[in-house]
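For reference, the structure discussed in these notes is given below.
Computed from the coordinates by the stated procedures, all read-outs in this text should not be read as laboratory data. All values derive from a computational prediction rather than experimental measurement. Don't worry about glycine lacking a Cβ; one is built from the backbone with ideal geometry, like all the others, and counts go over all protein chains shown.
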Amino acid sequence: MKHRVFISLLLAACSQACSEESASELKNVRQISEAPKVVNNTSSTGRWYTQSQLQSGRQVYQSNCLVCHKKNAAGTKQWKKTLSNGDYPPPPLNGSAHAWHHDLETLTRYIKNGGVPLGGVMPGFKNKLSEKEVQEVIAYFQSYWDDNVYNDWLDTGGVVRE
């Protein structure tokens, strides 16, 4: 149930102007992700990702996500209120909304497949971003999560550590 609520909010969050991807290209939303389920925490960040992934993720975010999810992954201020067309505006990815409720595999799947097939408007990026770039962009927006949010994410199964 929590996943359906999140999916509805996250996937309905981007306005249709965020992408020109067609719905027919986004048909396999429930495709199994290639996201790592087990990671080795050897990074200097103390998190699942490395500083290098974080830096690369900044570029990926600026090129692909910034237009909708805004500077510092802040999203739209009133992201819980529907727009006049019934769509939700883009939510924050900075730890203040729902992104932290979902494990790495789920976050990866949403980015790759988007939300159009589920009634949302977020485009899928599987034909635009590599698996590596998807992981990097997640690292980037997670860098805005404070330690409490990040640790809650880990406690709820965000990523399995070796």
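Counting other C-beta atoms within 10 Å, which of 56, 84, 143, 130 has the fewest, and how do the rest follow?
84, 130, 56, 143
At 0.36 nm per residue, minus the direct Cα-Cα distance, what do residue 131 and residue 85 gain on full extension? Give it in nm, one decimal, please.
Full-extension gain reported as 13.3 nm.
Based on other C-beta atoms within 10 Å, arrange 108, 50 from fewest to most.
Ordered from fewest to most neighbouring Cβ atoms within 10 Å, 108, 50 come out as 50, 108.
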